[in-house]
Amino acid sequence: MALDWISKEQETPGILSQELQVALRELEEARRAGRELRFYKEKREILSLALSQRHSEGASAQITQEFISHSVQEAASTASELMTVFQLLHWNGSLKIFRERKCSRKEVVSYYSQHRLDECFRSHMALDWISKEQETPGILSQELQVALRELEEARRAGRELRFYKEKREILSLALSQRHSEGASAQ
């Protein structure tokens with residue numbers, strides 16, 4: 001029955017919506033009049049099913065090669081960013097801390113999947129490095145030199161640069177915050 005209505009919809013676009021409105025009105029009138037409702041309910045269900053199937057077919061027909069390419073590109077970009085986040089967490093020592101706190105991999109992945117690699121993320125990492133600098137003076141400058149060397153090597157080798165650039169940004173931010181703290185303390 002629903003397939004018959006889908007065929008009618010293809011011949012006369014909009015007929016399904018019109019017939020569903022009529023069926024709903026008839027069902028309400030039958031309810032008010034105290035008549036048997038089974039026929040009207042079945043009619044409503046068939047039309048609703050046909051309309052739902054018609055919309056599903058329309059949606060699947062709209063999945064184009066462009067949509068697929070865009071979706072794949074977006075997924076790859078998200079995966080790449082998440083990988084960079086985890087490289088930074090490993091480099092920063094945060095993953096070790098999560099392991100010591102008995103956080104499961106699933107919890108950590110779930111948490112960082114919801115957060116972007118943004119200024120807030122970089123600032124938190126910079127604060128971690130400022131703490132490390134207080135424990136081991138000179139480590140910030142040392143790590144920045146290593147990061148600059150690794151960035152140049154990666155650039156020459158044609159490797160992905162995002163991780164190395166983020167390291168440089170985080171360490172530079174930590175150094176500038178450290179110097180501004182030192183200047184304001186004087």
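Taken together, the values in this text are just the output of simple stated rules run on the coordinates, not laboratory data. The structure displayed is predicted, hence computed values, not measured ones. As a convention, Cβ positions derive from the backbone with ideal geometry for all residues, glycine included, and neighbour counts pool all protein chains shown.
Once you reduce region 67-103 and region 3-23 to the center of their Cα atoms, the two points are 48 Å from each other.
Here, region 76-140 yields an orientationally averaged convex hull projection of 4.8 nm² when only Cα atoms define the hull.
Among rounded, prolate and oblate, which fits region 97-186 when a ≥ b ≥ c are the square roots of the eigenvalues of its C-alpha gyration tensor, a/c under 1.5 means rounded, and a/b larger than b/c means prolate? Oblate is the answer for region 97-186, as a/c is 1.5 or above yet b/c matches or exceeds a/b. With both labels modelled 7 Å from their Cα along Cα-to-Cβ, the residue 134 to residue 176 distance reads 2.2 nm.
With contributions of -39500 (n - 2.57) from each DSSP H run of at least four residues, the per-residue ellipticity at 222 nm computed over the chain stands at -28500 deg cm²/dmol.
When peptides 139-145, 34-40, 166-172 are ranked by their average number of other Cβ atoms within 10 Å per residue, the highest-first order is 166-172, 139-145, 34-40. Taking every C-alpha pair closer than 8 Å and separated by at least 6 residues, the mean separation divided by the residue count of the chain gives a relative contact order of 16 percent. So what does the Cα-only Debye profile of the chain read at q = 0.09, 0.11, 0.15, 0.18 Å⁻¹, as log10 I(q)/I(0), no solvent term? Log10 I(q)/I(0), no solvent term: -0.60, -0.68, -0.96, -1.19.
The simple spin-label model puts a point 7 Å past each Cα toward its Cβ; for residue 32 and residue 149 those points are separated by 8.6 nm.
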